[in-house]
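What follows is a set of notes on a single structure, which appears directly below.
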């Protein structure tokens with residue numbers, strides 16, 4: 001039996017599933033564009049990240065350079081800048097692009113499965129969404145531990161709200177999957193039931 005009967009209390013599960021698939025596909029395309037732009041302006045972004053870190057944490061203490069002269073502290077910042085640029089260009093960008101491409105493909109399969117009422121096409125998205133939610137939980141816990149208390153609490157609230165929305169959307173798709181499975185079982189059992197009834201006539 002499906003967990004939910006409607007999406008957002010007013011829309012059919014099928015429409016909600018199609019909408020989520022379209023949103024996921026367009027979101028993946030948008031994210032890919034932003035990732036490419038970030039690669040182009042990676043130097044400026046790395047500089048901004050370092051300046052932001054200096055505002056929220058004791059940077060010399062965090063990097064272990066408090067006892068060093070100003071020139072050596074600046075050198076450490078330059079090394080961190082180079083590390084951030086290299087890490088994004090080499091690892092983060094590639095992994096993120098692959099993740100968004102996969103997410104876009106699975107979102108397309110989700111739309112196709114919902115339109116054609118083929119429940120097996122919904123499964124890859126459901127599995128991928130669980131992996132994303134687990135990753136989100138890990139990210140929330142990591143940021144709460146690393147960031148200062150005020151920023152950690154803010155990140156925790158935003159992260160939990162985002163996670164709740166993700167869980168609800170997952171339940172919408174899973175409920176539609178269950179609905180399709182029930183319909184398939186009814187279609188399989190209907191001929192046998194009709195045959196049984198006609199045999200007693």
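Please work out the FRET efficiency for the pair residue 14 and residue 78, using the Cβ-Cβ distance as r and a Förster radius of 41 Å; give the result to the nearest 0.05.
Numbers: r = 55 Å, r/R0 = 1.34.
After rounding, the FRET efficiency stands at 0.15.
Please build a GNM for the chain, connecting alpha carbons under 10 Å apart, and tell me which residue among 16, 99, 108 fluctuates the most.
Among 16, 99, 108, the largest GNM mean-square fluctuation belongs to 99.
Once both axes come from the Cα atoms, what is the angle between helix 42-56 and the longest principal axis of the chain, in degrees from 0 to 90, rounded to 10?
For helix 42-56, the angle is close to 80 degrees.
Find how much the distance from residue 166 to residue 43 grows on full extension, using 0.36 nm per residue of separation minus their present alpha carbon separation; answer in nm with one decimal.
Numbers: separation 123, 0.36 × 123 = 44.28 nm, distance 3.25 nm.
Gain in length upon complete extension: 41.0 nm.
Would you kindly state how much longer the chain becomes between residue 6 and residue 95 on full extension, computed as 0.36 nm times their sequence separation minus their alpha carbon distance, in nm to one decimal? Can you show the working numbers first?
Working: separation 89, 0.36 × 89 = 32.04 nm, distance 3.52 nm.
Taking residue 6 through residue 95 to full extension adds about 28.5 nm, to one decimal.
Taking all pairs of different Cα atoms in the chain, averaging 1/r and flipping that mean, what Kirkwood radius in angstroms comes out?
Numbers: mean 1/r = 0.0485 Å⁻¹.
Value: 20.6 Å, from the Cα pair sum.
Laboratory data are not the source of any read-out in this text; all were calculated from the coordinates shown. For clarity, every value in this text was computed on a predicted model and none was experimentally measured. Glycine gets a Cβ as well: all are built from the backbone with ideal geometry, and neighbour counts include every protein chain shown.
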